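Written out below as structure tokens is the structure these notes cover.
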Amino acid sequence: MTTIKTLRASLTWGNVDLAKLCREVLHEVSEGQSELITGPAAQESQSDIYIWDYAPGRQLPAWVREGNLPQHLFLVSRQDLEAFRAVAPQGAANVLLKPLGRPTLLAFLSQPGFQNATAQPAAGTDLASEQTLGAERDEVLQCVIQANLKLQEYDQERTNFLARTVHDFRAPLTAVCGYCSLLGSGKVGELTHTQQDTIERIHASADRLTRLVEALLQLSSGHHRERRPDYQEGDLQERADQVARELMSSLDRKNISVAVNLTAGERALHFDSAKIHQVLINLLDNASKFTPRFGAIEIKGEPFFWDRRLTRERRAGVLERRRTARPEPNCYRVDVHDSGSGIPPQYLEKIFEEYTSYFGGSDRSGGGLGLAICRSIIEAHEGRIWAENSEEGATLSFVLPYTHEHDCPICARGGSQRRIPG
């Protein structure tokens, strides 16, 4: 049996964002026992895994051709594949296409075949048997990885097609919403109460479809186009009130009451207003779909302490342990609680993943659209989102850290006198 106690990796030519991604994924696959070396020392290190961020003109060292190739992972843009193959060592099968997404790297490094290729034989293992099994394993592994590379190419083609198609939907949907607003305003003629109600329903449905299209567009391009949030000093109470007003027509049809109770903190919170607005829309819309008639939804928030060391824990409710770790808040927590159906325990984490769905009308994942977008946005803000069940209904929660004043352009120009500790 082979095991990896501490996973040591090196990254050559990678930028800061890639290094951050590699550290997070290595930390997860090694259960916290990992080390990443970057910079000039990366090539000279004695590592279990060598990650090469290839670009045309970059020369791979001679020792790579003579080394244990299963240890080497090459990141290559699709348009540079031919150039890479011309200079790559024979048998360099471990290739991932750029731009690299976290799920792709996590899936690759988590596969047993790759981890076994980097492990050392256990004490007492017959060397000849180990070499024979290793050769067979390497042959199978290379076939699997070549198939994986083809799948990555097909995935990029699918993503590009989906992005173009979804983009074409936006113009007619914008027109429908615009005409609904025009009719509803009475500028082209007075409407009866029934006609006004019908127009509002059409507008609400068009708005919902527009949000789904935006979600599809973001999911299709999210792994390939990383954008930093546009941090501004914001008011979550104002955002939550606005979201409740926007969804009021659909909530009124089911006679659902909505309460917004956000406790103000002593520190300013900085976030991308448009993106967090989208998170609140998605969470409230999700809650309204699963809240029965005459039910209730509450959006509440408060300053909170979040122990980042527990971020990668995978079971629900883990954040509650941090209350005793440190008294002063370092983030703001928002809970969207509803009186609807609960979430099956095995799906509490999975509902935020793409393409997740479970059974029938009680499926809160929405097919992996709205909630997956929420997770993408919150993680871009370096926060966390999770779900919990209660005695009555479910609660979807997220936290936003108080750490981005230095990223706010207004504060950078001296627009705020608050000082956020690093």
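The values are calculated or read from the model by the stated rules, or taken from the named source; none is laboratory data. Because the structure is predicted, anything quoted here is derived from the model rather than measured. Here the Cβ is made from the backbone with ideal geometry for all residues, glycine too, and neighbour counts use every protein chain on show.
Give me a count of the residues in the range 292-338 that are more than 19 Å from HIS404 (Cα to Cα), of a type in the set (Asp, Glu) and at pLDDT 75 or above.
Count: 3.
Taking only pairs six or more apart or across chains, which ones have beta-carbon atoms under 7 Å, a first residue in the range 163-183 that is farther than 24 Å from ASP197 by Cα, and a second residue that is of a type in the set (Val, Ile, Thr)?
VAL166/VAL213; PHE169/VAL213; ARG170/VAL213
Within the group SER45, SER34, which residue is under 30 Å from GLU354 (Cβ atoms) and either surrounded by 14 or more Cβ atoms within 10 Å (Cβ to Cβ) or modelled with pLDDT of 85 or more (or both)?
Answer to the check: SER34.
Yes or no, residue by residue, for (1) modelled with pLDDT under 85; (2) closer than 27 Å to THR165 by Cβ:
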| site | (1), (2) |
| --- | --- |
| GLY222 | yes, yes |
| ARG225 | yes, yes |
| GLU246 | yes, yes |
| SER249 | yes, no |
| VAL258 | no, no |
| GLU266 | yes, no |
| ILE281 | no, yes |
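Quick one: count up the residues across the range 240-272 that are buried (at least 19 other Cβ atoms within 10 Å of the Cβ) and small (Gly, Ala, Ser).
The total comes to 2.
Taking only the range 152-181 into account, find how many residues are aliphatic (A, V, I, L, M) and either more than 37 Å from the chain's Cα centre (by Cα) or within 30 Å of LEU75 (Cβ to Cβ) (or both).
3
Is it the case, given these coordinates, that THR263 is farther than 27 Å from ARG170 by Cα, among the β-branched types (Val, Ile, Thr) and free of Cβ contacts under 8 Å to residues at least 12 places away in the same chain?
no
In this structure, does THR198 turn out to be more than 22 Å from ASP252 (Cα to Cα), assigned to a helix (DSSP H, G or I) and among the hydroxyl-bearing types (Ser, Thr, Tyr)?
no
For the range 54-97, how many residues meet the condition of being within 26 Å of the chain's Cα centre (by Cα), crowded, with 20+ Cβ neighbours inside 10 Å and not hydrophobic (A, V, I, L, M, F, W, C)?
Final tally of qualifying residues: 2.
Could you list, in sequence order, the residues of the range 159-187 that are modelled with pLDDT under 85 and of a type outside the set (S, T, N, Q)?
Within the range 159-187, PHE161, LEU162, ALA163, ARG164, VAL166, HIS167, ASP168, PHE169, ARG170, ALA171 meet the criteria.
Exactly one condition in (1) modelled with pLDDT under 85; (2) farther than 20 Å from GLN111 by Cβ is not met by THR3; state its number.
Checking THR3 against (1) modelled with pLDDT under 85; (2) farther than 20 Å from GLN111 by Cβ, the one that fails is (2).
Condition first: assigned to a strand (DSSP E or B), at pLDDT 85 or above, surrounded by 22 or more Cβ atoms within 10 Å (Cβ to Cβ) and not charged (D, E, K, R). Can you find one or more residues in the range 347-369 that meet it?
Applying the first criterion (assigned to a strand (DSSP E or B)) to the range 347-369 yields none.
Checking the range 347-369: not a single residue is assigned to a strand (DSSP E or B), at pLDDT 85 or above, surrounded by 22 or more Cβ atoms within 10 Å (Cβ to Cβ) and not charged (D, E, K, R).
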